[in-house]
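Novice: Please find one structure pasted underneath; my questions will follow.
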Amino acid sequence: MTLVTYELADHVATITLNRPEARNAINGALREDLNAAWNRFREDEDAWVGILTATGDVFCAGGDLKDGAGSVGTFAGTFWEKPTINSFESGMELFKPTIAAVHGPCVGYGLTGVLFCDFVIASTAATFSFPEVSLGVPTIVGAIRLPERVRWADAMELLLTGKPMTAQRAKEVGLVWRLVEPENLQAEAQAWARTLTEAAPLAQRATKEVAWRTANMGWIESVRFGETMRKVAAATDDVVEGIQAWRDKRKPQWKGR
């Protein structure tokens, strides 16, 4: 059984957690498959937009507590010696647009992965939680990322209580971007992904990278970096195609090069 599936259609890669019998808890094998899927997406020139989703009624039950490798992956060190960056969830540099399509409980490690997606589309049956503090364990990567996505007190509500937040509440605080009925979740995610593929993929990546990197830069450094990225993008075939399509009053045919 494949624990994480990777499907590519019309420039949209769908990465699916596929361990429903264990509530999609992250064990060592699933972690390896998930890392491989994100690496494939990053390197796949035909993949422009990624969707992270899951099979079954639970998006992800978090790290498998019976298998410490589910949380840290397979590398030297113990459960408590997690390196700074070892996966998409922990900060892989990936500037392609990403969407999380969430149904059911989204817990711990699963929520950390969702926080790294640009768009969170959730079903009304979704819930979100960081239960680590209820186990006596601090949340680390989630504590770094969540305050960047929502207001401080709303972030602390999740991080310091360990209690689940409903999809409706998550929409109110800005964690969820769109809220849909469960039967419409996958169609909504796919439709938005198709919309994203209408824009030039290399220009999207350059724009996202500017937004990402300049968050911690001064103004002058930010503008200089942005103008450098503009020059890089200006050398692509897609820029030529975009201008010519505008002149011809037709839809551009992006090549991603």
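The values are calculated or read from the model by the stated rules, or taken from the named source; none is laboratory data. Not measured: the values here are computed from a predicted model. All Cβ positions, glycine included, derive from the backbone under ideal geometry; neighbour counts span all protein chains shown. What goes into the accessible areas is simple: the full protein's heavy atoms, side chains included, and nothing from ligands, DNA or RNA. Shrake-Rupley method; radii C 1.70, N 1.55, O 1.52, S 1.80 Å.
Novice: Which is assigned by the TED database to the domain that holds Cys106, part of a helix (DSSP H, G or I) and over 26 Å from Ala47 (Cβ atoms), of Leu179, Leu185, Leu159? First the steps, then the outcome.
Specialist: Details: Leu179 fails: part of a helix (DSSP H, G or I); Leu185 fails: over 26 Å from Ala47 (Cβ atoms).
Answer to the selection: Leu159.
Novice: Right, something else. Given (1) crowded, with 20+ Cβ neighbours inside 10 Å; (2) of a type in the set (A, V, I, L, M, F, W, C); (3) in a helix (DSSP H, G or I), identify the lone condition not met by Val133.
Specialist: It is condition (1) that Val133 fails.
Novice: Of all helices (runs of 4 or more DSSP H) completely enclosed by region 193-257, which ones contain at least 2 residues that are polar (S, T, N, Q) and within 19 Å of Glu93 (Cα to Cα)?
Specialist: 201-213, 219-234
Novice: Considering only region 148-155, I want to know if a residue exists there that is at pLDDT below 95, over 13 Å from the mean Cα position of the chain (by Cα) and assigned to a helix (DSSP H, G or I).
Specialist: Yes; the residues of region 148-155 include at least one that is at pLDDT below 95, over 13 Å from the mean Cα position of the chain (by Cα) and assigned to a helix (DSSP H, G or I).
Novice: Within the group Phe75, Phe88, which residue is more than 16 Å from the chain's Cα centre (by Cα), modelled with pLDDT under 95, on the phi < 0 side of the Ramachandran plot and part of a loop (DSSP other than H, G, I, E, B)?
Specialist: Of Phe75, Phe88, the one residue that is more than 16 Å from the chain's Cα centre (by Cα), modelled with pLDDT under 95, on the phi < 0 side of the Ramachandran plot and part of a loop (DSSP other than H, G, I, E, B) is Phe75.
Novice: Every residue in region 91-110 that is assigned to a strand (DSSP E or B), closer than 12 Å to Ile121 by Cα and not β-branched (Val, Ile, Thr), please.
Specialist: Across region 91-110, the qualifying residues are Ala100, Ala101.
Novice: Looking at region 137-147, which of its residues are part of a loop (DSSP other than H, G, I, E, B) and either closer than 24 Å to Glu181 by Cα or within 19 Å of the chain's Cα centre (by Cα) (or both)?
Specialist: Thr139, Ile140 - these are the residues of region 137-147 that are part of a loop (DSSP other than H, G, I, E, B) and either closer than 24 Å to Glu181 by Cα or within 19 Å of the chain's Cα centre (by Cα) (or both).
Novice: Continuing with this model, one more query. Is it the case that some residue within region 223-234 is touching a helix residue (DSSP H, G or I) at 6+ places or on another chain (Cβ under 9 Å) and open to solvent by 70 Å² or more (accessible area, probe 1.4 Å)?
Specialist: Checked region 223-234: at least one residue is touching a helix residue (DSSP H, G or I) at 6+ places or on another chain (Cβ under 9 Å) and open to solvent by 70 Å² or more (accessible area, probe 1.4 Å).
Novice: Please specify each residue of region 91-109 satisfying the condition of being touching a Gly at 6+ places or on another chain (Cβ under 8 Å), closer than 22 Å to Lys163 by Cα and either at pLDDT below 65 or among the aliphatic types (A, V, I, L, M) (or both).
Specialist: If the condition is that a residue be touching a Gly at 6+ places or on another chain (Cβ under 8 Å), closer than 22 Å to Lys163 by Cα and either at pLDDT below 65 or among the aliphatic types (A, V, I, L, M) (or both), then Ala100, Val107 are the ones that fit.
Novice: Look at Leu160 and say whether it is of a type in the set (A, V, I, L, M), closer than 30 Å to Thr124 by Cβ, at pLDDT 95 or above and open to solvent by 90 Å² or more (accessible area, probe 1.4 Å).
Specialist: Yes.
Novice: Arg23 - would you say it is open to solvent by 30 Å² or more (accessible area, probe 1.4 Å) and either in contact with a helix residue (DSSP H, G or I) (Cβ under 6 Å, 6 or more places away or on another chain) or free of Cβ contacts under 8 Å to residues at least 12 places away in the same chain (or both)?
Specialist: no
Yes/no per residue for (1) over 20 Å from Asp57 (Cβ atoms); (2) within 16 Å of the chain's Cα centre (by Cα); (3) open to solvent by 70 Å² or more (accessible area, probe 1.4 Å):
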residue	(1), (2), (3)
Val173	yes, no, no
Glu181	no, no, yes
Asn184	no, no, yes
Trp192	yes, yes, no
Ala206	yes, no, no
Val210	yes, no, no
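Novice: Test Trp246 against the criterion of being within 30 Å of Val133 (Cα to Cα) and either open to solvent by 70 Å² or more (accessible area, probe 1.4 Å) or touching a strand residue (DSSP E or B) at 6+ places or on another chain (Cβ under 6 Å) (or both), and give yes or no.
Specialist: In short, no.
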